[in-house]
Structures are given as structure tokens and as C-alpha cells.
Amino acid sequence: MWTLFYYELRHVLRDVTQLIVVALLIPLLLTPFVGNSFQRALRQSEAMQSSTFFVALVGPRAQEIRSLLPQLGKFKELPLTGSPAEALHDNLVDCFVTVEDGANVAPPGDWELEPQATRSRLPETPRLTLHYNQSRERSQRAMLAFNSGVNRYLDRTRDQYLLRAGLQPEKLYQVRAQNLASRRQEQVQLMASLVPIVLIFVLFGTGSVTALDAIAGERERGSLATLLVSALDRRTIALAKWLTVVVVSLMFGLPQLGGLAWNMRGAGGQALSQLSPASLVCLVFFGLLMLLQVSAILLWISARSSTFKQAQLLYMPGMLITGALAAVSWMQALPLRSAVVLVPVSGLALALRDILLENFSLWLALAALAGIFWTLFVLRAVANSLTLDLADRPHSDVPVEQMRRSLGGDILWYYALAGALMVVIPGNIPVLSGLRGQVALIQTTMLLMPILLLRIYRQPLRPSLRWRNTSLSNWAICLIAAPLMHLCANSVAIISSWLLPMSEESVRQMTQLLLPKDASQLELFFLIAVCPAICEEMAFRGGLLHAVQQPLDRVRPSWRTCLLVGLTFGAFHFSVQRILPTAVIGCLLTYVALITGSIWPCMMLHLINNALAVFLSSLEIDYALLPGWGWIAAWLILLYLLKRLAGVGPEREERESSIGRGQENLSE
């Protein structure tokens, strides 16, 4: 193994000049621009205004400000049972306001904070102290929004107060903001959110220098055959190539990371030098774990590619997906103490964030073990993929079936690229960032993508998308099962909240983003129920299911096919809190599509489920109050109904597919 590793390293370093220019000089020259881009993005995000902020009001005159909140338009009060300072620290609220009498100001010791207020000329004017945490972006935006909201309110009531007291409007309410975070805390918070994502992109850039060519390039040139017929086993070959990728990434990644830290020292880079020795050791350890895992992922992309060109095409979606997994470090309300600790890349990203924030716990050890496990798992997959011509893909003598299986091997990469674009485009085009813009972008992509892929791979359109009817009994069963599926999905959502604990603020914020106030119920029904029911079913129970299904799925749906389509469906909802319940819904809908051979019942089930979510959200129903036997009964009845669905049979499906292929050939 070490001989092969030495050979691979010499092979990479054969053209030192080109390697230094491509992997070292060019990234170092681009480093200042990258640092400036991050700082500019930070300033832009700070200027953004959120749809809803959560605030706590305390003090003897809190009722006066409580009646003012609806007129501010951006704030909701979150009643507290404990200390407001602790709620702010735990991200339950974005800020809290103390409202005191002019002659009865609470002493600083009550809050362990020093209220700051300006003396008012009117004795009945309350004194407000707005407490926020500047190291949290939302908290800082809440402070700015509260100040501007109060000023707008005073402008609207200017004449009334002028007639009463003859005063300037800005003298009626005096608000002082008090930052609870030190400058170093602000810098560390910024770096904790930024370091995992930057690390992913740096490691992908440096590791690709050798990873993409290590297997895919050698397979294309034929030199991989020499290694496969030698005495070396596949695990030894995979391990030697992986070590080469690790060494090259480390050699050229360290200068880039150092350059980024130097150029970003004003935005938080200096905070790293003030970390304790234990934090620095842990930071280096988990950074190395991230390096090992990313190197394995890059090698797996190369191993799953038949040519070097295909590896280059798969590189970008692979980098974007891995970057999205690392982006959980931006979710300040998502703790490491959750199921995310077991997710590849994401667990290490949260561990790096906690180390920078010096939040040490036993969950760091679990994150390290999970990172080692996923690295070994990916390396094993690389070893199993070391073949000459990717013979692990099944073959067929029928041209249409050959193209379908080829589509099945590539479709997840197309969907991954489309998902990455759905995340990136709204962030750069403001008109697409709202609910309406995102629905227009995402659902249009979902509708056109499967049709385009089926045309490119010469698949018959109607049979592939399951545009066929089913029996009347199946329609009746699906109609009865629809509300039960909605109820069961909410039971999974409750379990997901246990596995992925998030603050009440984050859950309410997500609800506000999904259901904006300015949209009518009819518009929400169209955007959230009708459009996804049609477009998403076309994408997942249509094109994706047709590409990945196995021949035995026509006789008896396999759990692997249902799980693959369901997990992909859940991942496309771009929310950690919603992945598990939407994945369960996706698995159930996939089973219905396979057993009935029709996409129309899936559309109906999808529409009813989303419609119930829209109409019941206004009732604020707490599903957690349902007893355990109610959840069990709902699941048992739902599974019984799904088992009563009547299949189309393999003979009828094959006959309809043959008719569709014949019509397709005649049209051509």
C-alpha cells in the first residue's frame, strides 16, 4: 500500500510548476476577493429585514407596549416562564424589552444588566430598555426593526401627541439599545458559522487536483486495469489513493486557509488566536476529520464515474451538496445535541461550530465517532466501485430499457444539481426569495425537469410518468387514507422535533415563512397544495421513480425503492426539521404509485395533505396532545388501507409500456 501511495504522490507531483500555479498561486490571489465577498454578504444579511421577530415584554407597564406591537407589524410576543436574559441566551426570543415607570426603574441587579434610558419630559412616559445580542444576526435586526417601528408609530401619531403636550414626537418614547455580547463574542460567532463552509470549499478545490483523476482518469486510460489484476486487493488500492488525496489537500489547503484567516482578520479572524489551547487542539482534530471525510467523498465521485469528463461534471453537484450539509453551522438554533450529529459532514460542521464557541460536551465525541464511521463507509463504497467498466450497473438487450437504466444511474446527480440551483438562485435574485417566487421557480423546475430528462433518454412519456387511471376502489381507499396520512405525518414531525430539537422561535419563524400574512387562504391553497401536488409528483413519483425502479417493483414494491424516492423527496424540502416527516410521506406516496401504477392518486393524496396543513394552521392545533394510542391506531388503519390497494399487475403495465413505446416510435 505504501509503495502504491508513494507512486501516486509522485504521479501527482510530476508537473510541479503547473500544480503550484493551479492549486496554490491562483487560490492565494483569489483569497482577498473571497474574504471581501464574505464580509459583503455579512453586511447585506445584516441589512435584511425578517418577516417576524419574537420579543418578550417585562415590567409594570408592559401592557402599553404590548398594545403597540400589532402596529409595529414585525413583532410577536413570546410569553416566558423564566428569566428573559436566559431566553435571549437560549435563542427563544430575538430581544426583550423592559418597560418601567419613569420614577420606578428596576435596579440593575434584578437583571444583571444595566438598563439605559433617557429622562422624558412627560412623567407618564414609560422607559424602555431593549436588550439584544449583537453576536446573533436576527437579534441585531430585531433591535433595528423595533427602533424603526417605534419611530414610524410616533410619526403616524405625531399630530395627536403634539396637540396634547406640545412636544417633539421623538421625546415621547425613549429607547436605548444595549448589546449583551462582547466584540470577541461577535467575531467568534461569525467565524463559528463561517469556518465549516469555507473549509468544505477549500478542501473540495484542493482535493479535486488528484481525486478526480485518481480513479476515473485511470479507468479511462486503462491504467486502472493494471492495478486491478495485480496482487493488491481493492481496499488497499482505495486506501492508497485516498491517502494521496488527503496529503495533497493538506499541502495546498493550509496556505489557502491561512490566507483567508489573514484577509478576514478584521471580520473575526483574530478571534481564533484567543482560543484556549484545548479549543485549538480540538479544532485541528475535527478539521482533520473533515479533511478525511471530504477526501473520501471526492474519491467516491471519481470511483462512480466512468470517464474523467463525467467526474468533472459530477464534481460541482457533489461540492454543492456537501456544502449544503455543512451549512447547518449557520442555523444557530440547531444544537449539536440532536440527530444531526450522526449526519455525514453536518455533524462535524456543528462540532467545529461548538468548539469555536467553546461549548464542550460528550456530543463532540459522538460527532467524532460518526465522522470516522462515515469516512470508512465511503472508502468501502470506493473499494466496491473499483471496476473497469462500472459493471455493477445492470444491462439489458432492449434499447429503451438500456436508456432507462442509464438514466437511473445519472438521475440523482441531475436532481442534486437542480436542488443546488433552487437554493442558490433565490439568494441572488430577490424577486424569487419570497413564497411566490420560490413556488414559481421550484415547481416549474419540478414540472419541466422529468419531462426533459425522459425526452433526452428516449423514454415513453405517458407510461413513464404513470399517466393512467386506476380502479374506483383504489380512489375510495386513497380518499379515506388522505387525512390519516396527514395525521401520521404529524406524528413523525413530533418525533423529528425530539431528534432535532430547535427553539420555539425557529419553529414559529419557519411557519411564518411558509404562511405569510399577506396571502389569502385561497392563494395559499394554490401555492402550497395545488402546485406541489402536480409538479412534485411529476418529478418524484413520475420521472425519478421510473428511472430507479427495479423489475420486481412491478410485482411487489420494494422498501429500497420507496426509501430512495422518499428520502430524495424529503431532502428537496430544504429544511432540517421537515426532512423526516416529508420523507415518510414520500415513501407512502411511492408505494401508492408502484402498487396502483398511477400517479393520479398520489396527486390527490399530496393535495389533501398540504391543504389540511394550510387550513388547520390557523386553528393552532397541538398534535402533541393526542394520546399515544391515537397515533398507533392512525398508523394501523393507514397501513391496512394501503394494503387493500389493488395493483395493476405486471402484464398490464408491460402491455401499456409496449403500446407507449410503439406510439413513441411512430411519432418519431
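Of everything in region 551-571 that's in a helix (DSSP H, G or I) and among the basic types (Lys, Arg), which residue is nearest to the chain's Cα centre (by Cα)? Walk me through how you get there before you give the answer.
So the first thing to find is which residues in region 551-571 are in a helix (DSSP H, G or I), and the list is 551-554, 559-571.
Add one more test, that the residue is among the basic types (Lys, Arg), and what stays is 554, 560.
Values: ARG554: 33, ARG560: 23 Å.
In this case the residue turns out to be ARG560.
So if I check each of THR590, THR596, THR582, which one is closer than 18 Å to SER473 by Cβ and crowded, with 17+ Cβ neighbours inside 10 Å?
Working: THR590 fails: closer than 18 Å to SER473 by Cβ; THR582 fails: closer than 18 Å to SER473 by Cβ.
Matching residue, one of THR590, THR596, THR582: THR596.
When region 572-601 is examined, which residues are found to be assigned to a helix (DSSP H, G or I) and more than 25 Å from the chain's Cα centre (by Cα)?
Initial filter on region 572-601 (assigned to a helix (DSSP H, G or I)): 579-596, 600-601.
Answer for region 572-601, where residues must be assigned to a helix (DSSP H, G or I) and more than 25 Å from the chain's Cα centre (by Cα): TYR591, VAL592, ALA593, LEU594, ILE595, THR596, TRP600, PRO601.
Any chance you could count how many residues in region 387-409 are within 32 Å of the chain's Cα centre (by Cα) and either modelled with pLDDT of 80 or more or of a type in the set (Ser, Thr, Tyr) (or both)? Steps first, please.
Narrowing region 387-409 to residues within 32 Å of the chain's Cα centre (by Cα): 390, 392-393, 403-409.
Still in the running and either modelled with pLDDT of 80 or more or of a type in the set (Ser, Thr, Tyr) (or both): 403-408.
The total comes to 6.
Does any residue of region 436-445 turn out to be more than 19 Å from the chain's Cα centre (by Cα), modelled with pLDDT of 80 or more, closer than 18 Å to GLY543 by Cβ and buried (at least 17 other Cβ atoms within 10 Å of the Cβ)? Talk me through it step by step, then tell me what you get.
Within region 436-445, the subset more than 19 Å from the chain's Cα centre (by Cα) is 436, 440, 444.
Still in the list and also modelled with pLDDT of 80 or more: 440, 444.
Checking which are closer than 18 Å to GLY543 by Cβ leaves us with 444.
Retained after the next criterion (residues that are buried (at least 17 other Cβ atoms within 10 Å of the Cβ)): none.
No, there is no match, as no residue in region 436-445 is more than 19 Å from the chain's Cα centre (by Cα), modelled with pLDDT of 80 or more, closer than 18 Å to GLY543 by Cβ and buried (at least 17 other Cβ atoms within 10 Å of the Cβ).
With respect to LEU325, determine if the residue is within 25 Å of the chain's Cα centre (by Cα) and within 21 Å of SER193 (Cα to Cα). Reasoning before the result, please.
On the way: within 25 Å of the chain's Cα centre (by Cα): yes; within 21 Å of SER193 (Cα to Cα): yes.
In short, yes.
Filter region 526-550 for residues that are outside any helix (DSSP H, G or I) and buried (at least 20 other Cβ atoms within 10 Å of the Cβ) and give the result. Steps first, please.
Going through region 526-550, the residues outside any helix (DSSP H, G or I) turn out to be 549-550.
Within region 526-550, just GLN549 meets the criteria.
On the basis of being crowded, with 17+ Cβ neighbours inside 10 Å and more than 25 Å from ARG304 (Cβ to Cβ), does ARG462 make the cut?
Numbers: crowded, with 17+ Cβ neighbours inside 10 Å: no; more than 25 Å from ARG304 (Cβ to Cβ): yes.
No.
Has region 361-381 got at least one residue that is at pLDDT 85 or above, of a type in the set (Lys, Arg), touching a helix residue (DSSP H, G or I) at 6+ places or on another chain (Cβ under 6 Å) and outside the structural domain of GLN293 (by TED's automatic domain parsing)?
In the first step, residues of region 361-381 are kept if they are at pLDDT 85 or above; the result is 361-381.
Adding the requirement that they be of a type in the set (Lys, Arg) leaves 380.
From what's left, touching a helix residue (DSSP H, G or I) at 6+ places or on another chain (Cβ under 6 Å): none.
The answer is no; no qualifying residue exists.
Could you please give the count of residues in region 343-369 that are surrounded by fewer than 17 Cβ atoms within 10 Å (Cβ to Cβ) and under 22 Å from the mean Cα position of the chain (by Cα)?
Counting residues in region 343-369 that are surrounded by fewer than 17 Cβ atoms within 10 Å (Cβ to Cβ) and under 22 Å from the mean Cα position of the chain (by Cα) gives 1.
I need the full set of residues from region 67-84 which are surrounded by fewer than 15 Cβ atoms within 10 Å (Cβ to Cβ) and assigned to a helix (DSSP H, G or I), in order please.
Answer for region 67-84, where residues must be surrounded by fewer than 15 Cβ atoms within 10 Å (Cβ to Cβ) and assigned to a helix (DSSP H, G or I): PRO70, GLN71.
Filtering region 220-239 down to residues that are farther than 23 Å from THR375 by Cα and not aliphatic (A, V, I, L, M), which residue is surrounded by the most Cβ atoms within 10 Å (Cβ to Cβ)?
GLU220
Name the residue, out of LEU272, LEU254, LEU289, that is part of a helix (DSSP H, G or I), on the phi < 0 side of the Ramachandran plot, at pLDDT below 70 and within 30 Å of the chain's Cα centre (by Cα).
On the way: LEU254 fails: at pLDDT below 70; LEU289 fails: at pLDDT below 70.
From the options LEU272, LEU254, LEU289, the qualifying one is LEU272.
For ALA593, indicate whether it is in contact (Cβ under 8 Å) with a residue 40 or more places away in the chain, out of contact with any strand residue (DSSP E or B) (no Cβ under 8 Å at 6 or more places or on another chain), under 27 Å from LEU412 (Cα atoms) and assigned by TED's automatic domain parsing to the domain that holds LEU407.
yes
Please identify the pairs in which a residue from region 341-368 that is under 10 Å from PHE286 (Cα atoms) has its Cβ atom under 8 Å from the Cβ atom of a residue that is among the polar types (S, T, N, Q) and at pLDDT 90 or above, counting only partners at least 6 apart or on another chain.
Matching pairs, first to second residue: LEU348/GLN293.
The values are calculated or read from the model by the stated rules, or taken from the named source; none is laboratory data. Worth saying up front: this structure is predicted, and the values here are computed from it rather than measured. Glycine also receives a Cβ, built like all others from the backbone with ideal geometry; neighbour counts cover every protein chain displayed.
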